[in-house]
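S.K.: Pasting a structure below so you can have a look.
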Amino acid sequence: MEIERKFTIKKLPDNLRSYPKVHIQQGYLSTNPVVRIRKEDDHYYLTYKGQGMLAREEHNLPLTRESYEHMLPKCDGNIISKMRYKIPLEHPVFNADCPAPPENYHLLIELDIFEPPFEPLIMAEVEFGSKAAAESFVPPDWFLEDVTYNSNYHNSVMSMMKF
């Protein structure tokens, strides 16, 4: 089960280049249900995602480079390319509705900087272990708008946009 919230951001973190990053290229064989192929640097995956906004079923299977390249021309719509920075959030803040997390609790912000035709879009995604934690999360000051429930920010929907 994937439980995640998505945000647009106000500004990039000052020390962005100090974080690990991967280049992602992905295409969609189907958007209902979501069946995606993805290349992350030199790793390849086939992903199935169920329906939902905040929480949904997700299954990843490994692919070979050859199988990824074979399926890529079969994808519908736009191929999405982005640079993903992995930014640890060591002391996340939660509102009072959430039980206090353990002292060593941390989250990972996945900051996506999209390439054309989606440039200048930049989004942050944060995955959680529970719906309660996701719903109680207080985003950092550099986050702007919570777009979790706006389907226009789902990559599968973006892949079908006309330019």
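S.K.: Name every residue in the stretch 1-29 that is hydroxyl-bearing (Ser, Thr, Tyr) and loosely packed, with under 13 Cβ neighbours inside 10 Å, in order of residue number.
M.R.: Result: Ser18, single match.
S.K.: While we're on this one: Quick check, is Val138 under 23 Å from Leu29 (Cβ atoms) and out of contact with any Leu (no Cβ under 7 Å at 6 or more places or on another chain)?
M.R.: no
S.K.: So, Asn15, is that one at negative phi and at pLDDT below 95 or not?
M.R.: The answer is yes for Asn15.
S.K.: A follow-up question, please. Does the stretch 111-139 hold any residues that are open to solvent by less than 30 Å² (accessible area, probe 1.4 Å), free of Cβ contacts under 8 Å to residues at least 40 places away in the same chain and among the acidic types (Asp, Glu), and which are they?
M.R.: none
S.K.: Name the one entry in Tyr28, Tyr44 that is among the hydroxyl-bearing types (Ser, Thr, Tyr), outside any loop (DSSP other than H, G, I, E, B) and within 13 Å of Ser67 (Cα to Cα).
M.R.: That would be Tyr44, the only listed residue that is among the hydroxyl-bearing types (Ser, Thr, Tyr), outside any loop (DSSP other than H, G, I, E, B) and within 13 Å of Ser67 (Cα to Cα).
S.K.: Which residues, counting only those in the stretch 38-66, are surrounded by 14 or more Cβ atoms within 10 Å (Cβ to Cβ), under 22 Å from Tyr85 (Cβ atoms) and touching a Leu at 6+ places or on another chain (Cβ under 9 Å)?
M.R.: Of everything in the stretch 38-66, those that are surrounded by 14 or more Cβ atoms within 10 Å (Cβ to Cβ), under 22 Å from Tyr85 (Cβ atoms) and touching a Leu at 6+ places or on another chain (Cβ under 9 Å) turn out to be Arg38, Lys39, Tyr44, Tyr45, Thr47.
S.K.: Follow-up question, since we're still on this one. Only one of (1) out of contact with any Phe, Trp or Tyr (no Cβ under 9 Å at 6 or more places or on another chain); (2) closer than 13 Å to Phe7 by Cβ; (3) open to solvent by 60 Å² or more (accessible area, probe 1.4 Å) fails for Asp146. Which number is that?
M.R.: (1) is the only condition that Asp146 fails.
S.K.: Let me ask you something else. Taking Ile79, is it β-branched (Val, Ile, Thr) and buried (at least 18 other Cβ atoms within 10 Å of the Cβ)?
M.R.: no
S.K.: Tell me, yes or no, whether the stretch 90-107 has at least one residue that is open to solvent by 80 Å² or more (accessible area, probe 1.4 Å), within 23 Å of Gly52 (Cβ to Cβ), at pLDDT below 95 and in contact with a Ser or Thr (Cβ under 7 Å, 6 or more places away or on another chain).
M.R.: yes
The values are calculated or read from the model by the stated rules, or taken from the named source; none is laboratory data. Just so it is clear, the model here is predicted, and its values are computed rather than measured. Cβ sites come from the backbone with ideal geometry, for glycine too, and all protein chains shown count toward neighbours. We work out accessible area using only protein heavy atoms, side chains counted, and drop any ligands, DNA or RNA first. Shrake-Rupley method; radii C 1.70, N 1.55, O 1.52, S 1.80 Å.
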